[in-house]
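Chemist: Quick one: this structure, given as structure tokens, is what I'll be asking you about.
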């Protein structure tokens, strides 16, 4: 297995059971495998990079209001095609997820940058992106 430059990302959620459904659908669609599940956490891994979700206390402030702040901004996950980004949008819509930006080319990042942005069950922003011809 290749050594990924980032070992893992841990995300706290105040909607743990809903997050299990959200990440349990999205991450496998992007090639992640479930690697563990406990009462208060679970994890998925792809190519040496692990995403860990843990039960956490609620925050009263919205973590994304259009302004950049110190701390978590968003997690961008690679898709292997534009069709996969579209597939994830459909899957997330069926889950009732809050999609901030539907799949589209993002010209300011390049004509080959195709992405969607969605909120996870705790309101954290997740991007699904394909960058390629």
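Chemist: If you check every pair at least six apart or on different chains, which have Cβ atoms under 6 Å apart with a residue in region 92-118 that is farther than 12 Å from residue 82 by Cβ first and a residue that is exposed (fewer than 12 other Cβ atoms within 10 Å of the Cβ) second?
Modeler: Partner pairs satisfying both residue conditions: none exist.
Chemist: Under the condition of being outside any strand (DSSP E or B) and under 9 Å from the mean Cα position of the chain (by Cα), which residue from region 102-131 is surrounded by the fewest Cβ atoms within 10 Å (Cβ to Cβ)?
Modeler: So the residue we want is 124.
Chemist: Considering each residue of region 1-45, count those that are assigned to a strand (DSSP E or B) and more than 15 Å from the chain's Cα centre (by Cα), and give that number. Explain how you work it out, then say what you get.
Modeler: Keep residues of region 1-45 that are assigned to a strand (DSSP E or B), which gives 8-13, 33-37, 41-45.
Now restrict to residues that are more than 15 Å from the chain's Cα centre (by Cα): 35-37, 41.
Matching residues across region 1-45 total 4.
Chemist: Just name the residue that is surrounded by the fewest Cβ atoms within 10 Å (Cβ to Cβ) out of those in region 27-40 that are in contact with a helix residue (DSSP H, G or I) (Cβ under 9 Å, 6 or more places away or on another chain) and closer than 18 Å to residue 13 by Cα.
Modeler: My answer is 40.
Chemist: Oh, and also: Kindly provide the set of residues from region 46-65 that are at negative phi and either at pLDDT 95 or above or in a loop (DSSP other than H, G, I, E, B) (or both), ordered by number.
Modeler: 56, 57, 58, 59, 60, 61, 62, 63, 64, 65
Chemist: Right, residue 76: in contact with a strand residue (DSSP E or B) (Cβ under 8 Å, 6 or more places away or on another chain) and modelled with pLDDT of 85 or more or not?
Modeler: Here the answer is yes, as residue 76 does meet what is asked.
Chemist: Are any residues in region 1-23 within 20 Å of residue 121 (Cβ to Cβ) and surrounded by fewer than 17 Cβ atoms within 10 Å (Cβ to Cβ), and if so, which ones?
Modeler: Within region 1-23, 8, 9, 10, 14, 15, 17, 18, 20, 21 qualify.
Chemist: Is it the case that residue 42 is at pLDDT 90 or above and more than 24 Å from residue 101 (Cβ to Cβ)?
Modeler: So residue 42 passes the test.
The values are calculated or read from the model by the stated rules, or taken from the named source; none is laboratory data. A quick note: this is a predicted structure, and the numbers were derived from the prediction, not measured. Every residue, glycine among them, receives a Cβ derived from its backbone with ideal geometry; neighbour counts consider all protein chains shown.
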